[in-house]
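> Quick one: structure below, then a few questions.
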């Protein structure tokens, strides 16, 4: 029994430590990859079933809900930036953008399933539940861990790093992303559904707004204001979406605080 009580903490600390070490040594492009063998090792250690990990397909409507999130929030952020006159697409290569969007959404779904989603919404979620945590506790703690795992990428010299003033906004946004993808996992029972939403989010957010201090296809320089991950507009939109999804779950009788 003690193994199941300590496993969530041990696994999370290992993931954060390995990724931080890689980020500190110029290996940020590959820093998510160790989550695959680490997650498999922990999965074997705790003997989870595929269903406990969330390796089920989910329903078609679950995927519709998964796609709604990135298109709604990133679309709203882009629209606000456009209305504010912050968009400049004069130098945008739209052909390249669409190719990268398709590849990022398809191949990216598999990649995040094997790494971030498989670890945080798969193994860690199952491990927290096995340790006796409620669905709400599993949702919150897996989202906090997900956010902390990103800290080294945005605070060290990685190419994804941000000015110090943007890091707190990003960390809160990362937790909100984790909460939303966690709720999608809760609704569908599937890490595949959460992976699709995650991959499409990445493809749209990084294609249109870029990452770190770079400029994306929309040519928005003030990403600290308009960015879906690093901006205050994104923070407001993600907060609103997470709150609406939470309330919607409650109306469906699928309360997050319910222990089942």
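Since every read-out is calculated from the coordinates, none of them should be taken as a lab result. Predicted, not measured: the structure shown is a model, and the values here were computed from it. Glycine also receives a Cβ, built like all others from the backbone with ideal geometry; neighbour counts cover every protein chain displayed.
> For residue 125, state whether it is more than 18 Å from the chain's Cα centre (by Cα) and within 30 Å of residue 28 (Cα to Cα).
no
Here is a yes/no grid of residues against (1) in contact with a strand residue (DSSP E or B) (Cβ under 8 Å, 6 or more places away or on another chain); (2) at negative phi; (3) without any contact (Cβ under 8 Å) to a residue 60 or more places away in the chain:
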| position | (1), (2), (3) |
| --- | --- |
| 13 | no, yes, yes |
| 35 | no, yes, no |
| 47 | no, no, yes |
| 53 | no, yes, no |
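> Restricting attention to segment 14-52, and to residues there that are in a loop (DSSP other than H, G, I, E, B) and buried (at least 18 other Cβ atoms within 10 Å of the Cβ), which single residue is nearest to the chain's Cα centre (by Cα)?
32
> Of 81, 72, which residue is surrounded by fewer than 22 Cβ atoms within 10 Å (Cβ to Cβ), part of a helix (DSSP H, G or I) and in contact (Cβ under 8 Å) with a residue 24 or more places away in the chain?
Of 81, 72, the one residue that is surrounded by fewer than 22 Cβ atoms within 10 Å (Cβ to Cβ), part of a helix (DSSP H, G or I) and in contact (Cβ under 8 Å) with a residue 24 or more places away in the chain is 72.
> May I pose another question? Of the residues that make up segment 131-144, is at least one free of Cβ contacts under 8 Å to residues at least 40 places away in the same chain, within 16 Å of the chain's Cα centre (by Cα), more than 26 Å from residue 222 (Cβ to Cβ) and surrounded by fewer than 21 Cβ atoms within 10 Å (Cβ to Cβ)?
Within segment 131-144, one or more residues are free of Cβ contacts under 8 Å to residues at least 40 places away in the same chain, within 16 Å of the chain's Cα centre (by Cα), more than 26 Å from residue 222 (Cβ to Cβ) and surrounded by fewer than 21 Cβ atoms within 10 Å (Cβ to Cβ).
> In addition: Looking for whichever is out of contact with any strand residue (DSSP E or B) (no Cβ under 6 Å at 6 or more places or on another chain) and over 22 Å from residue 21 (Cα atoms) here; the options are 105, 143. Which one fits?
105
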